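The structure under discussion appears below in the form of structure tokens.
The values are calculated or read from the model by the stated rules, or taken from the named source; none is laboratory data. Everything quoted here is computed from the prediction, not taken from an experiment. Note: ideal-geometry Cβ built from the backbone for every residue, glycine included; neighbour counts use all protein chains shown. For the accessible areas, the whole protein counts, side chains as well, though only heavy atoms, and no ligand, DNA or RNA atoms are used. Shrake-Rupley method; radii C 1.70, N 1.55, O 1.52, S 1.80 Å.
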Amino acid sequence: MNVATHNLRCTECAAVITKDDVSSNFRCPQCNGLYEVVYAWSDAKPAATPGAPEHPHSLLPNASALRWLWQERRSSSMSVDQSGVWRFRDLLPIVDDFEKVVTLREGNTPLYDLPRCGKGAGINWLLAKHQGMNPTGSFKDTGMTAALSVAAQRGFEWVACASTGNTSAAMAAYAARAGLRSIVFIPEGKIAWGKLSQAMDYGALTIQLKTDFDGCVKILGDLVKQFPIYLLNSVNPYRLEGQKTPAFEMVEQMDWQVPEHIVVPGGNLANSAALGKGFTEMHQLGLIPRLPKISVIQAEGANPLYRWFIDSNRVMKPVTADTRATAIRIGNPASWRKAAAVIDELGGWCEQVSEQEIALAKAEIGAEGVGCEPASAVTLAGLKKLVALGKITSEERVVLILTGHTLKDSQYTIDYHRNELFTDAEKAQLTTADQARHAALRKPPIVLDADSTLVLRALESHMNQPQPA
Ligand code: F0G
């Protein structure tokens with residue numbers, strides 16, 4: 001298989017450069033566009049009979065052989081095979097030596113069914129690909145193993161990122177594994193404690209800047225031009241190569257069936273772009289017969305892509321972002337053009353959801369025994385809207401991408417269940433039906449004296465309360 005090389009192509013002016021010619025900010029010098037990694041198959045047309053062994057491009061990886069190989073590697077004891085990213089390495093030949101990749105055995109995340117959430121949203125078949133079940137608790141690990149391996153094999157000593165929390169946790173962990181030194185820039189007071197603690201635990205130099213995420217990106221952009229630091233934000237196209245692999249894993253877990261619709265949270269907008277690339281490449285190689293739609297959901301207070309989507313002139317205007325879903329508190333998303341192309345080419349939508357809708361959806365996902373962080377819950381909240389708008393029908397198979405683990409932001413969960421998350425003014429905006437829904441889901445801890453009669457009485461009163469449907 002001729003899969004040993006790759007190039008970088010500007011996603012705006014289409015200029016192609018070699019991997020050694022990319023600048024430290026990963027921007028095209030001509031047009032400031034972002035790059036994507038391109039391979040021999042990147043411009044292949046899907047086979048006329050999808051999945052047919054006689055793919056017209058005979059030099060390209062063979063779909064049946066890939067399926068067999070990927071399955072076979074599951075029983076291997078080699079770390080590169082145990083990684084749910086590098087198991088698919090034939091479609092991400094971005095490093096010189098696969099045996100030296102930096103891995104924490106990322107990927108291999110579960111695909112859960114969410115029957116009650118599906119029913120509540122009005123569809124028959126709902127699954128969640130839980131990327132929060134990665135080693136550092138978020139989908140960022142799949143991208144970080146890829147880009148950090150590139151950094152290590154190119155001899156960098158320092159790596160850095162600006163982050164709303166999860167990228168910094170993942171980068172710090174993978175840098176530590178590789179013996180590299182890492183610097184994280186995070187907005188002061190605007191990231192969840194769990195994530196901040198991870199960056200410190202994994203030994204990163206943590207710099208809290210008195211600005212927001214977008215301000216952190218700007219400062220880091222200035223720094224990488226002056227110091228030999230390898231930039232690990234998602235403008236680095238190698239991150240997306242790792243983040244495309246959950247698309248492969250998902251359809252493999254579904255016996256190579258393709259869901260009709262994927263719903264993804266949108267922040268800096270790289271993940272939706274990466275998943276779109278993964279599905280498109282599988283389609284080009286005949287691994288899947290058709291493409292799913294990909295829809296992106298944003299928080300109302302951090303909704304630049306949603307504004308672009310509903311604007312008849314399609315102009316992107318950055319916003320000053322604010323949402324309690326701090327992971328997606330981003331007003332000027334770097335990868336918006338890539339995500340917009342995925343929505344348009346695959347035929348999805350963009351929606352926005354309110355703070356209350358996010359909190360309700362998060363509690364509903366938690367009540368199915370799955371749980372996720374607030375930014376991930378926008379997917380279920382958005383799904384409800386897309387079903388109500390008729391964009392998704394009840395028979396369609398939908399997969400939500402849950403991006404972060406529930407323990408990432410336990411303060412949010414505790415505040416929600418104690419009914420301390422929202423202000424009185426916000427609570428007053430709820431309909432009576434929604435108030436009842438929240439009340440049924442809320443499970444605040446009960447403090448009692450250590451007296452068995454008292455405990456029994458409390459239990460009796462709770463046993464008589466109905467369970468949420
Ligand atoms: N969900 C979670 C849990 C995230 O941490 C992020 C982004 C997203 C969704 C949005 O993904 O940016 O690719 O659209 N977190 C970044 C960070 C920005 O710094 O951890 P996106």
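Taking label positions 7 Å along the Cα-Cβ direction at both LYS210 and LEU454, the computed distance is 4.7 nm, reported to one decimal.
Residue separation of ALA433 and ARG418 scaled by 0.36 nm, minus their Cα-Cα distance, works out to 3.5 nm of gained length.
Full extension of the chain between SER42 and ARG307 yields a length gain of 92.4 nm, computed as 0.36 nm times the residue separation minus the alpha carbon distance. In this rough spin-label picture, where each label sits 7 Å from Cα along the Cβ direction, the ALA341-SER461 distance is 6.0 nm. Of the accessible area of the stretch 273-400, computed with a 1.4 Å probe over protein heavy atoms only, carbon and sulfur atoms account for 49 percent. Solvent-accessible surface of protein heavy atoms, probed at 1.4 angstrom with all chains present, puts ARG397, ARG314 in the order ARG314, ARG397, largest first. Note on PHE227/MET78: beta-carbon distance plugged into 1/(1 + (r/R0)^6) with R0 of 35 Å gives a FRET efficiency of 0.50. Does the stretch 92-199 come out rounded, prolate or oblate by the C-alpha gyration tensor, with a ≥ b ≥ c the root eigenvalues, rounded set by a/c under 1.5 and, if not, prolate when a/b is larger than b/c and oblate if not? Oblate, since a/c reaches 1.5 and b/c is not below a/b. Taking every protein chain into account, the accessible area of the stretch 195-242 amounts to 44 square angstrom per residue (probe 1.4 Å). Stretching the chain fully between CYS13 and ARG290 yields a gain of 97.0 nm (0.36 nm per residue, less the alpha carbon separation). Computed from the Cβ-Cβ distance with R0 of 30 Å, the FRET efficiency linking ASP255 to ASN32 stands at 0.10. Ranked by the mean number of other Cβ atoms within 10 Å of their residues, highest first, the peptides 206-216, 399-409 come out as 399-409, 206-216.
Cα centroid distance between the stretch 55-131 and the stretch 277-300, in Å? Going from one Cα centre to the other spans 14 Å.
Sorting ASP449, ASP141 by accessible area puts them as ASP449, ASP141; the probe is 1.4 Å, largest comes first, and only protein heavy atoms count. In this structure the stretch 296-414 gives 34 Å² per residue of accessible area when probed at 1.4 Å with all protein chains present. Highest mean packing first, where packing is the average number of other Cβ atoms within 10 Å per residue, the peptides 10-22, 127-139 line up as 127-139, 10-22. Normalised per residue, the accessible area of the stretch 17-167 is 42 Å², obtained with a 1.4 Å probe and no contribution from ligands, DNA or RNA.
Working note: 222 nm ellipticity from helices only, DSSP H runs with n ≥ 4, each -39,500 (n - 2.57), summed and divided by the residues of the chain, gives -11500 deg cm²/dmol to the nearest 500.
As a fraction of the 1.4 Å probe accessible area of the stretch 90-218, surface on carbon and sulfur atoms comes out at 50 percent.
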